[in-house]
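What follows is a single structure, written as structure tokens, with notes after it.
Every number here is computed from the coordinates shown, using simple stated rules; none is lab data. The structure displayed is predicted, hence computed values, not measured ones. Counting neighbours? That spans all protein chains shown, and the Cβs are built from the backbone with ideal geometry, glycine included.
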Amino acid sequence: MAITKSDIEKLSGVFATKEDLKQFTTKEDLKQFATKKDLEELSTKTDIRFNEISHKFNEVTNTLDKIVGKLETMHTEQIVAREQ
């Protein structure tokens, strides 16, 4: 049984032609996008979140250092005042 012209016409409605495929992305088109290696150089969501948390932690630590410093000064002043 041979394939007839009618069969080919029916199949052309199902399968993509070269013209149909021209509208899709080619390997050359994809080369303009970032590669895995390119992306390795960028920050991840985890990196950014860690940096945000680290920054907040440093702010809290610095504030606590100031408070503790003031408390130590007050304590020292109280001792000196008692001794006088």
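Brief remarks on what is shown
- In a DSSP loop and with at most 12 other Cβ atoms within 10 Å, the GluC sites (Glu not before Pro) in the range 39-78 are 41.
- Taking all pairs of distinct alpha-carbon atoms in the chain, Kirkwood radius in angstrom: 20.9 Å
- Couplings 3J(HN,Hα) of the range 41-58, computed from phi: 7, 8, 6, 8, 4, 5, 4, 5, 4, 4, 5, 5, 5, 4, 5, 5, 4, 4 Hz, in residue order, whole Hz [Karplus 6.51 cos²θ - 1.76 cosθ + 1.60, θ = phi - 60°; x for Gly and Pro].
- Projected label points at residue 56 and residue 5, each 7 Å from Cα along the beta carbon direction, are separated by 7.4 nanometres.
- Residue among 63, 42, 12 farthest towards the positive dipole end of the chain, charges placed on Cβ: 12
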